[in-house]
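Throughout, read-outs are computed from the coordinates displayed, never taken from laboratory work. Since we're looking at a predicted model, the values are computed, not measured. All Cβ positions, glycine included, derive from the backbone under ideal geometry; neighbour counts span all protein chains shown.
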Amino acid sequence: MTNAKTYSQKPSEVSRRWILLDASELPLGRLSTQVAKYLTGKYKPSFTPHIDGGDYVVVINAAKAVVTGEKETDKVYYRHSGFPGGIKAETVKEAREKHPERIIQNAVKGMLPKNKLADERMKRLRVFPGSEHTHTAQTPEKVEVK
């Protein structure tokens, strides 16, 4: 009987693809779980938890992101400046008008594991409010998500 060895990916063996997703097709939570799956690389057979082997993800149409129910007015994003009384709040509707890409970024950041690799994974996420993006030279693959 032979002993099977567990495969562990090395940083030099990582291969990254460019993935294109459309935010106007899916609800926000469903989209952000798919983006997190591609950023972490969990769908790859060579997935290793301590190596960042995920892909680059380009999300278009962030201004048309779909939220269900009353989340447009009831869901609130908070941030704090660090000074006394420096808390700021904005709803999804207000965030969509000012910075629509932050809606997707906040949702994806919440889906990623809270560890040392999270910042590098978030750097590989590119979100654009419209249907045009600046990464056509990388030829991202359009992925249909159900």
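For the listed peptides 31-44, 102-115, 57-70, a ranking on the average number of other beta carbons within 10 Å per residue, highest first, reads 31-44, 57-70, 102-115.
Candidates 8, 103, 41 compared by Cα position along the dipole of the chain: farthest toward the positive end lies 8, with charges placed on Cβ. Extension gain for residue 119-residue 99 works out to 5.2 nm (0.36 nm per residue, less the C-alpha to C-alpha distance).
The length gained by stretching the chain between residue 14 and residue 78 to full extension, at 0.36 nm per residue less their Cα-Cα distance, is 19.4 nm. Could you check which residue among 13, 94, 132 shows the biggest mean-square fluctuation in a GNM of the chain with a 10 Å Cα cutoff? Looking only at 13, 94, 132, the biggest GNM fluctuation is shown by 13. Hey, what angle do you get for helix 28-40 against the long axis of the chain, alpha-carbon based, 0 to 90 degrees rounded to 10? It is inclined by approximately 30 degrees.
Quickly estimate the mean residue ellipticity at 222 nm for the chain, helices only: each DSSP H run with n ≥ 4 gives -39500 (n - 2.57), and the total goes over all residues, rounded to 500. Kindly include the intermediate steps, with their values, before the conclusion.
Values: 5 runs with 41 residues, N = 146.
It comes out at -7500 deg cm²/dmol, rounded to the nearest 500.
For the residue pairs 5/123; 42/98; 64/109, alpha carbon separations beyond 29 Å are given by 5/123; 42/98.
Expressed as a fraction of 2.2 N^0.38 Å, the rule-of-thumb size for a compact globular protein of N residues, what is the C-alpha radius of gyration of the stretch 39-85?
Details: Rg = 17.7 Å, N = 47, 2.2 N^0.38 = 9.5 Å.
Relative to the rule-of-thumb radius for its length, the stretch 39-85 sits at 1.86.
Modelled spin labels at residue 141 and residue 46, positioned 7 Å past Cα toward Cβ, are 1.4 nm from each other. Taking 128, 83, 47 in turn, the Gaussian network model of the chain (Cα-Cα springs below 10 Å) assigns the largest fluctuation to 83.
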